[in-house]
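Report on one structure; see the data block that follows.
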Amino acid sequence: MTTGSSSNTGPTHKLVEAGITLLIALFGVIVIAGSLKAGINWGAEGPRAGFFPFYIGIFIVASSAVNLWNGLREDDGRLFAEWGQLRQVMSVVIPTAIYVGAMPFTGLYVASIFFIAWFMRWLGKYPWLTVLAVALGMPIVTYFIFERWFMVPLPKGPVEEWLDL
Amino acid sequence: MEELVNLFHGFAVALQPFNIMVMVVGIVLGVLIGVLPGLGGANGVAILLPLTFSMSPTSAIIMLSCIYWGALFGGAITSILFNIPGEPWSVATTFDGYPMAQKGKAGEALTAAFTSSFVGALFAVVMITLVAPLVASFALQFGPAEKFAVYFLAFCSFVGLSKEPPFKTIAAMMIGFALAAVGLDSITGQLRLTFGMTHLLNGFDFLIAVIGLFGIGEILLTMEEGLAFRGGNAKINLRVVLQTWKELPAYWITSLRSCLIGCWMGVTPAGATPASFMSYGIAKRVAKKGNNFGKGEIEGVVAPETAAHAAGTAALLPMLSLGVPGSPTAAVLLGGLLIWGLQPGPMLFVEQKEFVWGLIASMYLGNIVGLLVVLTCVPVFAAILRVPFSIIAPLILVLCAIGAYSVHSSTFDVVLMLVFGVIGYLLKKANYPLAPLVLAIVLGDKAEEAFRQSLLGSQGSLGIFFSNTLVSSIMVLGLIALFWSAIQQGYTRLRGATA
């Protein structure tokens with residue numbers, strides 16, 4: 001699957017997996033800490049709120065330790081992904097993050113129009129006419145299906161207010 | 001036969017014009033979901049769940065379950081025509097389906113796949129009809145300890161049967177349990193694990209997790225691979241269909257075996273994906289033309305498709321009768337029941353007869369409708385696949401956002417969805433299974449409640465889980481499932497030593 005020789009490098013699978021495992025273990029530690037705060041012993045009404053999650057947290061940390069050990073033992077030099085591939089992934093994650101972040105202020109419709117247009121224009125290199133047709137068409141169809149037929153309200157911003165939708 | 005009467009009542013419910021319409025809409029949407037990358041059964045149903053809030057629960061579950069059947073059918077289309085499994089359970093279908101299509105036998109392969117799917121589903125539905133009421137009436141006697149034992153068995157089967165490393169399965173599952181525990185504790189009413197964040201008061205909704213983990217995560221994986229669709233044309237006409245149907249009965253043993261594998265794997269929450277691989281593997285070993293498998297053998301399409309569909313359908317049996325879903329999609333359906341105000345589990349068969357039997361009847365009808373829809377509309381669905389990913393991807397992302405928002409009308413949930421998406425991508429790449437994580441979020445509160453109530457009854461002694469024959473046998477089954485791969489390894493080593 002490796003085509004371009006320039007993009008054949010990337011983080012190794014071993015390294016990234018170890019990182020993920022450590023993050024999971026950290027999550028386990030947070031769960032344990034939170035459970036201790038809620039109380040893990042027996043109260044008047046039986047086991048207290050932190051009782052069950054405390055052991056869950058222990059399980060997370062313990063299984064992560066095994067996973068870390070197993071992960072570090074095998075060394076096949078496999079890449080997690082090439083840098084070029086990760087760039088592709090980030091080219092979706094970053095705009096989506098902006099889209100999601102803008103939604104409370106602009107409403108869903110306006111944000112969607114810009115998001116779809118950006119995606120099609122920059123990643124798909126489509127002519128502007130196609131871009132506009134899809135970017136405007138999809139939110140309009142969504143409006144009718146969700147708000148009109150199924151009566152599910154979606155987030156709106158100043159533009160929708162101005163249009164009185 | 002009280003069940004038969006109930007089933008006929010169910011058919012009367014399912015055959016109402018509105019429900020028939022809902023069924024067709026569900027199937028078409030489902031096939032679309034199955035065909036499109038990034039939209040799977042579980043998150044497709046999750047996204048569309050809010051649309052059903054205004055419907056009656058029976059119509060709602062008919063629509064959502066039909067989306068599920070449609071997705072099961074749809075996965076085969078992409079596997080055969082494009083060598084791209086639309087769903088994980090159709091990976092095994094590509095082994096022989098795609099070579100058949102390359103030989104110009106796409107029509108035969110598709111017909112065989114759809115027909116096998118139908119047979120598998122029908123077998124599983126008949127089993128549900130016969131077995132589910134019995135299981136439910138049996139389960140009515142369960143106390144908290146037995147309930148916990150059933151959850152224990154379900155989660156242990158995941159560890160023992162999944163192809164991912166067992167400790168990764170355990171880690172994924174426990175993350176799910178931890179996420180389920182966040183927020184208000186249902187027994188003491190105390191807040192926990194919120195760390196003062198008001199957004200976390202109500203905990204994590206599993207629908208958001210499903211949409212993020214499966215939907216966004218899948219899109220990111222697809223982006224990384226830089227998918228381009230290249231595929232043969234779908235020509236399917238009546239002559240090809242009839243000709244293939246004449247051929248298929250010869251493979252009845254394979255069919256029956258795959259049905260049984262599927263049902264077994266579906267009821268224990270191993271799910272459709274391992275069922276299809278296992279069925280394919282066994283068929284390859286047993287079949288006369290086993291050496292030709294992988295080069296375009298029709299039997300190699302029949303085996304995985306039958307098993308996948310049987311498993312997908314059978315996954316609803318424990319969901320309906322015990323309240324323990326057998327697959328992520330069944331888990332989403334179970335979440336739907338809770339939202340519509342129904343309590344899944346054995347009481348459903350007593351209190352909500354119309355709902356349960358309407359659903360079961362709709363499974364028969366939905367699969368017939370599904371078979372007709374896919375056989376007649378394959379070219380249309382194949383054409384949709386030719387729409388480039390750079391158009392499909394943003395539309396799916398927007399749909400995911402809409403789905404995530406409309407669960408609680410909260411934009412914070414949309415942010416969470418993206419976070420879950422990135423987590424899903426990383427976990428999937430690092431070989432962590434996502435299904436147990438989602439199931440644990442769904443069942444976490446119930447499992448914990450059963451566990452704590454049992455301990456209350458026994459004053460904290462774990463002996464309660466081995467206090468009578470019923471509960472101890474379920475627990476022992478669970479332990480066997482938990483150590484299944486170790487037991488298997490030991491057995492092979494033992495045999496190797498004696499031979």
The helices (runs of 4 or more DSSP H) lying entirely within the range B:155-264 that contain at least 2 residues which are of a type in the set (S, T, N, Q) are B:238-247
Of B:GLY300, B:GLY312, the only residue that is within 16 Å of B:ALA250 (Cα to Cα), in contact (Cβ under 8 Å) with a residue 60 or more places away in the chain and in a helix (DSSP H, G or I) is B:GLY300
The lone condition A:GLY107 fails out of (1) within 30 Å of B:GLN190 (Cβ to Cβ); (2) touching a strand residue (DSSP E or B) at 6+ places or on another chain (Cβ under 6 Å) is (1)
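The rows are residues; the columns are (1) touching a Gly at 6+ places or on another chain (Cβ under 8 Å); (2) at pLDDT below 90; (3) more than 20 Å from B:THR329 (Cα to Cα).
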residue: B:GLY421; (1), (2), (3): yes, no, no
residue: B:LEU426; (1), (2), (3): no, no, yes
residue: B:GLY444; (1), (2), (3): yes, yes, no
residue: B:SER458; (1), (2), (3): no, yes, yes
residue: B:LEU462; (1), (2), (3): no, yes, yes
residue: B:PHE466; (1), (2), (3): no, no, yes
Counting only residues in the range B:194-207 that are farther than 28 Å from B:ALA330 by Cα and hydrophobic (A, V, I, L, M, F, W, C), the one surrounded by the most Cβ atoms within 10 Å (Cβ to Cβ) is identified as B:PHE195
Looking at the range B:411-434, is at least one residue touching a Leu at 6+ places or on another chain (Cβ under 8 Å), within 14 Å of another protein chain (Cβ to nearest Cβ), assigned to a helix (DSSP H, G or I) and of a type in the set (S, T, N, Q)? no
I'd like to check something: does the range B:384-401 contain any residue that is within 20 Å of the chain's Cα centre (by Cα) and either of a type outside the set (Phe, Trp, Tyr) or assigned to a helix (DSSP H, G or I) (or both)? yes
Residues to consider are B:THR313, B:THR306, B:THR273; find the one that is modelled with pLDDT under 85, buried (at least 24 other Cβ atoms within 10 Å of the Cβ) and closer than 26 Å to B:GLY26 by Cα. B:THR273
Residue check, B:ALA331 crowded, with 24+ Cβ neighbours inside 10 Å and free of Cβ contacts under 8 Å to residues at least 60 places away in the same chain: no
I'd like to check something: does the range B:96-106 contain any residue that is surrounded by fewer than 24 Cβ atoms within 10 Å (Cβ to Cβ), on the phi > 0 side of the Ramachandran plot, at pLDDT below 85 and over 21 Å from the mean Cα position of the chain (by Cα)? yes
Residue by residue through the range A:123-145, note down the ones that are on the phi < 0 side of the Ramachandran plot and at the interface with another protein chain (Cβ under 9 Å from one of its Cβ atoms). A:LEU123, A:GLY124, A:TYR126, A:THR130, A:VAL134, A:ALA135, A:MET138, A:PRO139, A:THR142, A:ILE145
Of all helices (runs of 4 or more DSSP H) completely enclosed by the range B:1-101, which ones contain at least 2 residues that are over 27 Å from B:THR244 (Cβ atoms) and charged (D, E, K, R)? B:2-14
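Which of the residues belonging to the range B:108-143 are more than 19 Å from B:ALA71 (Cα to Cα) and crowded, with 19+ Cβ neighbours inside 10 Å?
In the first step, residues of the range B:108-143 are kept if they are more than 19 Å from B:ALA71 (Cα to Cα); the result is B:108, B:126-143.
Those that are more than 19 Å from B:ALA71 (Cα to Cα) and crowded, with 19+ Cβ neighbours inside 10 Å: B:GLU108, B:MET127, B:ILE128, B:THR129, B:ALA132, B:PRO133, B:ALA136, B:ALA139, B:PHE142.
Among the listed residues B:PHE148, B:PHE158, which satisfies the condition of being buried (at least 24 other Cβ atoms within 10 Å of the Cβ), farther than 19 Å from A:VAL31 by Cα and either of a type in the set (Val, Ile, Thr) or modelled with pLDDT under 85 (or both)? Let's see the steps before the verdict.
Working: B:PHE148 fails: either of a type in the set (Val, Ile, Thr) or modelled with pLDDT under 85 (or both).
So the residue among B:PHE148, B:PHE158 that is buried (at least 24 other Cβ atoms within 10 Å of the Cβ), farther than 19 Å from A:VAL31 by Cα and either of a type in the set (Val, Ile, Thr) or modelled with pLDDT under 85 (or both) is B:PHE158.
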Quickly run through the range B:276-298 and pick out the residues that are more than 19 Å from B:VAL91 (Cβ to Cβ) and buried (at least 20 other Cβ atoms within 10 Å of the Cβ). none
Counting only residues that are farther than 24 Å from B:ILE170 by Cα, facing another protein chain (nearest Cβ under 9 Å) and touching a residue at least 12 places away in the same chain (Cβ under 8 Å), the range A:40-81 contains a total of 1
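The values are calculated or read from the model by the stated rules, or taken from the named source; none is laboratory data. On a predicted model such as this, the values are computed, not experimentally measured, just so you know. Reconstructed Cβ throughout: ideal geometry from the backbone, glycine too, with neighbour counts over all protein chains shown.
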